[in-house]
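Written out below as structure tokens is the structure these notes cover.
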């Protein structure tokens with residue numbers, strides 16, 4: 001499922017959402033510019049669970065092996081599809097969460113969700129030597145907040161099932177719950193069939209989503225507006 005847009009327009013221009021997208025993009029372009037040295041950059045600033053758990057066994061101690069990577073890793077990515085997909089989801093869902101929290105609290109919320117996601121990944125794979133990078137955990141927290149705020153909004157979605165392709169409108173709560181179930185099941189399957197291998201950090205997605213829901217319920221915020229049902233949007237219920 002690929003979200004195309006939602007039915008809730010922004011009240012204000014999503015300054016912080018755009019700023020986060022710009023920062024992530026700049027970091028990615030810097031990674032690309034490193035060429036063959038990019039792997040070393042990822043190993044230095046990506047989050048490696050074993051180095052986090054046993055930071056005292058590695059040069060640099062807590063600062064270099066735990067504190068810096070748990071923050072820097074959420075602004076790094078491992079490929080073009082990785083960064084484009086993450087930034088697209090953030091652009092679709094982040095603006096409305098930013099409306100409710102305000103610019104500064106939204107940034108704090110985003111970072112805390114990313115850190116929470118990273119910690120769950122560490123708990124799930126404490127002995128892993130594979131660096132984790134990506135904003136997915138933080139953005140998962142944004143999705144959790146969106147679920148709490150606008151469960152009845154409509155998400156215009158490109159649905160692809162093998163050769164079946166269709167544009168559909170899906171209630172936000174259904175889209176996000178299906179997304180969460182997929183992440184959870186994928187994480188469970190991944191844990192059962194592989195050990196210390198690269199791939200998608202599904203437990204970071206699960207952790208970010210749950211942390212986002214919990215934090216959003218705690219954070220002071222503006223009252224929710226009535227969800228827009230997207231009546232002004234054209235119909236996308238056409239099969240290709």
(message) Given the condition within 13 Å of the chain's Cα centre (by Cα) and part of a loop (DSSP other than H, G, I, E, B), answer yes or no: does some residue in region 124-133 qualify?
(response) yes
(request) Give region 71-102 a look and list any residue that's farther than 25 Å from residue 220 by Cα, touching a helix residue (DSSP H, G or I) at 6+ places or on another chain (Cβ under 9 Å) and surrounded by 15 or more Cβ atoms within 10 Å (Cβ to Cβ), or say none. (result) 72, 73, 75, 76, 77, 78, 82, 83, 85, 86, 87
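Could we say that residue 32 is in a helix (DSSP H, G or I), out of contact with any strand residue (DSSP E or B) (no Cβ under 9 Å at 6 or more places or on another chain) and loosely packed, with under 14 Cβ neighbours inside 10 Å here?
Working: in a helix (DSSP H, G or I): yes; out of contact with any strand residue (DSSP E or B) (no Cβ under 9 Å at 6 or more places or on another chain): yes; loosely packed, with under 14 Cβ neighbours inside 10 Å: yes.
Yes; evaluated as a whole, the condition is true for this residue.
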(request) Taking only region 48-77 into account, find how many residues are at pLDDT below 90 and not in a helix (DSSP H, G or I). (result) 5
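I'm trying to understand the selection: among the residues of region 5-17, which are touching a residue at least 24 places away in the same chain (Cβ under 8 Å) and either in contact with a helix residue (DSSP H, G or I) (Cβ under 8 Å, 6 or more places away or on another chain) or loosely packed, with under 14 Cβ neighbours inside 10 Å (or both)?
Here is the first cut: in region 5-17, the residues touching a residue at least 24 places away in the same chain (Cβ under 8 Å) are 5-12, 14-17.
If the condition is that a residue be touching a residue at least 24 places away in the same chain (Cβ under 8 Å) and either in contact with a helix residue (DSSP H, G or I) (Cβ under 8 Å, 6 or more places away or on another chain) or loosely packed, with under 14 Cβ neighbours inside 10 Å (or both), then 5, 6, 8, 9, 10, 11, 12, 14, 15, 16, 17 are the ones that fit.
Just one of 144, 208 is in contact with a helix residue (DSSP H, G or I) (Cβ under 7 Å, 6 or more places away or on another chain), crowded, with 16+ Cβ neighbours inside 10 Å, modelled with pLDDT of 90 or more and within 27 Å of residue 44 (Cα to Cα); which is it? Walk me through it before giving the result.
On the way: 144 fails: within 27 Å of residue 44 (Cα to Cα).
It is 208.
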(request) For residue 224, indicate whether it is closer than 19 Å to residue 99 by Cα, surrounded by fewer than 16 Cβ atoms within 10 Å (Cβ to Cβ) and at pLDDT 70 or above. (result) yes
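The values are calculated or read from the model by the stated rules, or taken from the named source; none is laboratory data. Here the structure is a predicted model, which is why all the values come from computation and not from measurement. As a convention, Cβ positions derive from the backbone with ideal geometry for all residues, glycine included, and neighbour counts pool all protein chains shown.
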